[in-house]
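Participant: Take this structure first; my questions come after.
What follows is calculated from the coordinates using simple rules that are stated; it is not laboratory data. What you see is a predicted model, and the numbers here were worked out from it, not measured in a lab.
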Amino acid sequence: MLPIALSELIQIFRNRSVLITSFVMPVAISAFFIYQHELFAQVGSLGYI
């Protein structure tokens, strides 16, 4: 199972668009939500969680 996971990880790092959409975008969106948590707490209360 480890060789298959390693080959898949290599393929992800070779394809830049997959790398961006699978790693960078979730981290960026999470950072945005953490940075703007007060605004979302006022607007949507606990609904945005």
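Participant: Rule-of-thumb check for the chain: C-alpha Rg over 2.2 N^0.38 Å?
Facilitator: Compared with the compact-globule rule of thumb, the chain sits at 1.70.
Participant: Once phi is turned into θ = phi - 60°, what whole-Hz ³J(HN,Hα) does the Karplus curve with 6.51, -1.76 and 1.60 give for every residue of segment 10-20, x standing for Gly and Pro?
Facilitator: 4, 5, 5, 6, 6, 9, 5, 5, 5, 4, 5
Participant: Another one. Residue 38 to residue 25: extension gain in nm, 0.36 nm per residue of separation minus the Cα-Cα distance?
Facilitator: My answer for the length gained is 2.5 nm.
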